[in-house]
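Shown next, in structure tokens, is the structure this report addresses.
The values are calculated or read from the model by the stated rules, or taken from the named source; none is laboratory data. Bear in mind that the values here come from a model prediction, so they are computed numbers and not experimental data. Heads up, the Cβs are rebuilt from the backbone with ideal geometry, glycines too, and the neighbour counts pull from every protein chain shown. Ligands, DNA and RNA are stripped out before the accessible areas are found, and what is left, the full protein with its side chains, is counted by its heavy atoms. Shrake-Rupley method; radii C 1.70, N 1.55, O 1.52, S 1.80 Å.
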Amino acid sequence: MDAAIWRLFDMVTAFLILSFMLPFLAMLAVAIFISDPGPVFYRHRRLGQGGRYFQCMKFRTMRVDGDAILAEHLSTSAAAKREWDATHKLRNDPRVTPLGAIMRKLSLDEFPQLLNVLSGDMSIVGPRPIVEQEVQKYGSYFEHYCRVRPGLTGIWQTSGRSDTSYHQRVTMDVAYVRRKSVTLDMWLMAKTLPAVLLAKGSY
């Protein structure tokens with residue numbers, strides 16, 4: 001019964017947000033295409049509840065030839081290679097477009113994940129979806145990650161994001177899974193807007 005209630009909450013919330021934001025998201029999609037012609041959306045394989053794979057959706061924030069740019073950058077910068085190996089992120093990512101940098105700073109690129117929520121692959125609140133290479137960083141705690149759907153927002157997303165270590169991220173995810181409740185989810189949702197506006201750890 002609890003699972004059905006959580007699912008209904010996710011669907012209603014995602015539908016209301018999409019309905020309210022649709023005109024703005026349509027204009028943003030046009031701006032993405034004009035600034036760097038190519039696909040508006042970006043799909044990436046992530047791990048979800050139960051360890052199942054799904055296609056996580058985002059607005060595209062990187063240049064179309066981003067894979068080649070990343071490979072060249074990592075091959076010529078030892079510091080960038082170390083940062084990438086540690087976090088799978090780059091603070092100064094050469095692939096990101098000027099508009100994409102703004103979108104990332106304000107987390108606008110993640111709005112299409114509301115479609116992942118409607119399809120049942122994600123929840124409004126939960127751990128951020130991870131890629132297969134990140135499983136080893138969770139170690140024995142990966143089974144905690146698999147207990148719930150990954151979310152648009154959560155403890156890590158509202159607690160410094162990329163300014164925290166990966167160990168801290170895992171600790172936050174485990175704490176969330178163990179303490180999951182309506183009260184906690186509502187508190188994290190309330191923290192989301194201030195966290196997005198402050199853009200701490202967002203890049």
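Quick notes on this structure:
- Residues of segment 56-75 that turn out to be within 22 Å of residue 136 (Cβ to Cβ) and in contact (Cβ under 8 Å) with a residue 40 or more places away in the chain, as a count: 1
- Filter result for the condition that a residue is among the small types (Gly, Ala, Ser), out of contact with any Cys (no Cβ under 6 Å at 6 or more places or on another chain) and closer than 20 Å to residue 32 by Cα, over 100, 120, 48: 100
- Once segment 21-55 is narrowed to residues that are more than 21 Å from the chain's Cα centre (by Cα) and free of Cβ contacts under 8 Å to residues at least 60 places away in the same chain, the residue that is least open to solvent (accessible area, probe 1.4 Å) is 38.
- Top-ranked residue of segment 14-56 - restricted to ones that are assigned to a helix (DSSP H, G or I), in contact with a helix residue (DSSP H, G or I) (Cβ under 7 Å, 6 or more places away or on another chain) and aliphatic (A, V, I, L, M), ranked as farthest from residue 153 (Cα to Cα): 31
- Search result, residues across segment 56-75 that are surrounded by fewer than 12 Cβ atoms within 10 Å (Cβ to Cβ) and under 27 Å from residue 121 (Cβ atoms): 67
- Considering residues of segment 76-94 that are over 19 Å from the mean Cα position of the chain (by Cα) and open to solvent by 90 Å² or more (accessible area, probe 1.4 Å) only, the residue farthest from residue 133 (Cα to Cα): 76
- Among residues of segment 154-176 that are free of Cβ contacts under 8 Å to residues at least 60 places away in the same chain, those with a Cβ under 8 angstrom from a residue that is crowded, with 22+ Cβ neighbours inside 10 Å and acidic (Asp, Glu), sequence gap 6+ or separate chain, pair up as 154/173; 155/173; 156/173.
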